[in-house]
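Report on one structure; see the data block that follows.
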Amino acid sequence: MHDTKERLSLFWIFALLNYLYADVVALFAIAGSPNSFGSLAPWALMGSAVLMEIPIAMIVACRLLPFRANRLANIIAGVVLTLVNGFLTFVPPLAGWGRTPALPEYLFFATIETVCTSVIVWQAWTWSGVEAAVSSERMVRQPEAGITSS
């Protein structure tokens, strides 16, 4: 897989699956806990929805956006999710603002997610216009699948 668009899309799928499974594991931990938890405020639920929509949208955006917009969108989305995830997971316990948001398995997922979004930012940052142009030209020159020229 030499196409950066494909690679970035694949990284976003990988990150999204880790986000989702980490949330499922956290829900199992909460459901099995003897402590009673109150419901989250509507603003917190909306914030979570927006944060999850970013990697979902980036899967498609990586495939459809032109080079400059694609590169910028990946850098911005990757930085935002890296900072939010890193801050919410690692900063409060290190700063003494309370314990971690969840169990060791959640920290495991959060580390993978943070590394993945950091890789996305690095891939987008180092993505050159020359590579994008060559990739686009290669796609234009390839005949449609199943059609042969006589």
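General observations
- Looking only at the range 12-34, and only at residues there that are in contact (Cβ under 8 Å) with a residue 40 or more places away in the chain and aliphatic (A, V, I, L, M), the one that is surrounded by the fewest Cβ atoms within 10 Å (Cβ to Cβ): Ala29
- Checklist (1) out of contact with any Leu (no Cβ under 7 Å at 6 or more places or on another chain); (2) part of a helix (DSSP H, G or I); (3) over 26 Å from Gln123 (Cα atoms); (4) of a type in the set (A, V, I, L, M, F, W, C) applied to Ala29, failing item: (1)
- Restricting attention to the range 1-11 and to residues that are assigned to a helix (DSSP H, G or I) and aliphatic (A, V, I, L, M), the residue that is surrounded by the most Cβ atoms within 10 Å (Cβ to Cβ) turns out to be Leu8.
- Some residue of the range 46-69 being hydroxyl-bearing (Ser, Thr, Tyr), loosely packed, with under 14 Cβ neighbours inside 10 Å and within 15 Å of Ala22 (Cα to Cα): yes
- Filter pass, Ala124 being more than 24 Å from Tyr21 (Cβ to Cβ), at pLDDT 95 or above and crowded, with 16+ Cβ neighbours inside 10 Å: yes
- Some residue of the range 35-51 being under 18 Å from the mean Cα position of the chain (by Cα) and either assigned to a loop (DSSP other than H, G, I, E, B) or touching a residue at least 12 places away in the same chain (Cβ under 8 Å) (or both): yes
- Screening the range 81-94 for residues that are among the hydrophobic types (A, V, I, L, M, F, W, C) and surrounded by fewer than 14 Cβ atoms within 10 Å (Cβ to Cβ) and picking the one that is nearest to Trp125 (Cα to Cα) gives Leu83.
- Yes/no for Thr89 being of a type outside the set (A, V, I, L, M), in a helix (DSSP H, G or I), more than 16 Å from Leu16 (Cβ to Cβ) and out of contact with any strand residue (DSSP E or B) (no Cβ under 9 Å at 6 or more places or on another chain): yes
- Only one entry of Ala15, Ala22, Ala61 meets the criterion of being farther than 17 Å from Val115 by Cα and in a helix (DSSP H, G or I), and that entry is Ala61.
- Annotation: Gly98 fulfils all but one of (1) at pLDDT 65 or above; (2) closer than 30 Å to Ile30 by Cα; (3) touching a helix residue (DSSP H, G or I) at 6+ places or on another chain (Cβ under 8 Å); the unmet one is (1).
The values are calculated or read from the model by the stated rules, or taken from the named source; none is laboratory data. Quick caveat: nothing in here was measured; it's all calculated off a predicted structure. Positions of Cβ are backbone-derived with ideal geometry, glycine not excepted, and every protein chain shown enters the neighbour counts.
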